Amino acid sequence: MIVKRSIGPIACVAGLIVLLAGCGGAGQAGDSPIIISSSGGSGSSGSTSGGGAGSSGGPPPPEPALVLTGPSVAAPDGKQEIYYGQADGSGLTQLTADGRPKFLVHFSPDGRTLLYTKFTRGGYRSADMQSEVAVFERATGVETMLTSGGNWLGPVRSPDGRTIAYTTFDTDALWLMNSDGSDKRVVARVSGRPDDRHMSDFLWSRDNWIYFTVEQHIDGCFKVRIDRIRPDGSERTQITDGGPHCTPAGFEQSGDSDPGISPDGLTLYSSRGLPRSVPGHPELTVRHLIRTDTSPWFPGKPESDLSLGAMEDCIAGVPKVSWDSVRVALFQFCPDRPEQIGVWMTDPLGSRYRYLFPGFAPDWNPLVR
């Protein structure tokens, strides 16, 4: 997620919510040779409200390629609903409309249901928030709460769809439960040592690892790295060190967040915070799209920064890799493209970027090939 714990005020989401509220969702992607413009039109055509897919009297709509929340990023007073869209930037369609914020929505491995965090009271990090793990059945439009009475966060499914990993806003433990909400149990906790505080941002890979972010506070240096663990709590391994930078006072955390992974489990992407502000927006912190492999971390482990050139002053977040590994969908805000805050597409090398539509935290539909 774009903002978690930070030394200073939680300003990034608050600032982005204002920027998103003022954007029209359309526009051109600029003149840089590595940027191509969206062919998807306004990003809002064909929208519907409520839980039905398609309309009567005509052929069914194409299966959507992406699911996301919108029209804005998560915020304490936000009203994020679930949307669908196509990978070419067309067909953005609203799926839910109950007025309660949803966060980090994911397709199930069979594509039939959506899994997400739902705020039943308040909003993202509001003082009175209450959040639950929710599942939405696409065919019927029925939403089911799998938890009750907590501050639950960030559910993701196992590759076979039978198990859900999740945590709380306190982010000190990895919880698992069955897909129907039964058998809730803790399988791992952070130790509380300076290099092992607060786990979050879970990702369950097809080769059965659970990746997650970890805060570390060592000798006055605060940043976030990525570890992984087996679903039974064994074989915990460090994968990144969060980069070379510590977090300046008042900034969103430096280091990694929201990992995405290639289907073969070999390539990891992350949103990495850097210790500098977005030009013209001192309340926002630059985040780059970083690529590395999934081998255990070692000093000097190679990484690639995919946000150099035209994208280096942007906020890149929540990368997700397509089923064929040739596309990466992500959230992005660039200060020189204020009308194009939302979901973008790039390739695995970050050589070309393309704006799709407004919204946040896209996920790929496994049914679309």
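For segment 135-148, how many residues meet the condition of being farther than 15 Å from L367 by Cβ, open to solvent by less than 60 Å² (accessible area, probe 1.4 Å) and part of a loop (DSSP other than H, G, I, E, B)?
3
List pairs: first residue in segment 189-211 and more than 18 Å from T163 (Cβ to Cβ) and open to solvent by 50 Å² or more (accessible area, probe 1.4 Å), second residue in a loop (DSSP other than H, G, I, E, B) and among the aliphatic types (A, V, I, L, M) anywhere in the structure, Cβ distance under 6 angstrom, at least six positions apart or on different chains.
R197/V190
Residues of segment 234-283 being open to solvent by less than 60 Å² (accessible area, probe 1.4 Å) and touching a helix residue (DSSP H, G or I) at 6+ places or on another chain (Cβ under 8 Å), which ones?
E252, H281
Among the candidates V190, V156, V186, single out the residue that is of a type in the set (A, V, I, L, M) and under 30 Å from D347 (Cβ atoms).
V156
Of all residues in segment 218-232, which are assigned to a loop (DSSP other than H, G, I, E, B) and either open to solvent by 30 Å² or more (accessible area, probe 1.4 Å) or of a type in the set (K, R) (or both)?
Passing the criteria: D219, G220, R230, D232.
Residues in segment 321-336 that are open to solvent by less than 10 Å² (accessible area, probe 1.4 Å) and more than 23 Å from I82 (Cβ to Cβ): how many?
Qualifying residue count for the region: 1.
Just name the residue that is farthest from the chain's Cα centre (by Cα) out of those in segment 346-364 that are open to solvent by 20 Å² or more (accessible area, probe 1.4 Å) and closer than 13 Å to G89 by Cα.
Restricting to residues being open to solvent by 20 Å² or more (accessible area, probe 1.4 Å) and closer than 13 Å to G89 by Cα, the top hit is R354.
Could you say which residue among S262, S307, S271 is over 16 Å from the mean Cα position of the chain (by Cα), among the hydroxyl-bearing types (S, T, Y) and at pLDDT 95 or above?
After ruling out the rest, the residue left standing is S307.
Condition check: at pLDDT below 95, open to solvent by 40 Å² or more (accessible area, probe 1.4 Å) and over 14 Å from the mean Cα position of the chain (by Cα). Does R369 satisfy that?
yes
For E215, indicate whether it is touching a residue at least 24 places away in the same chain (Cβ under 8 Å) and either buried (at least 22 other Cβ atoms within 10 Å of the Cβ) or in a strand (DSSP E or B) (or both).
Here the answer is yes, as E215 does meet what is asked.
Can you name the strands (runs of 3 or more DSSP E) wholly within segment 76-125 that have at least 3 residues being open to solvent by 20 Å² or more (accessible area, probe 1.4 Å) and within 18 Å of P60 (Cβ to Cβ)?
none
Quick one: count up the residues across segment 157-168 that are open to solvent by 10 Å² or more (accessible area, probe 1.4 Å) and among the hydrophobic types (A, V, I, L, M, F, W, C).
0
Out of the residues in segment 294-316 that are farther than 23 Å from P338 by Cα and touching a strand residue (DSSP E or B) at 6+ places or on another chain (Cβ under 6 Å), state the one that is surrounded by the most Cβ atoms within 10 Å (Cβ to Cβ).
Result: T294.
The values are calculated or read from the model by the stated rules, or taken from the named source; none is laboratory data. In this text the structure is predicted, and so the values were computed from the model without any measurement. Quick reminder, even Gly has a Cβ in these numbers, built from the backbone with ideal geometry, and neighbours come from all protein chains shown. Areas reflect the complete protein model, heavy atoms only, side chains present, ligands, DNA and RNA absent. Shrake-Rupley method; radii C 1.70, N 1.55, O 1.52, S 1.80 Å.
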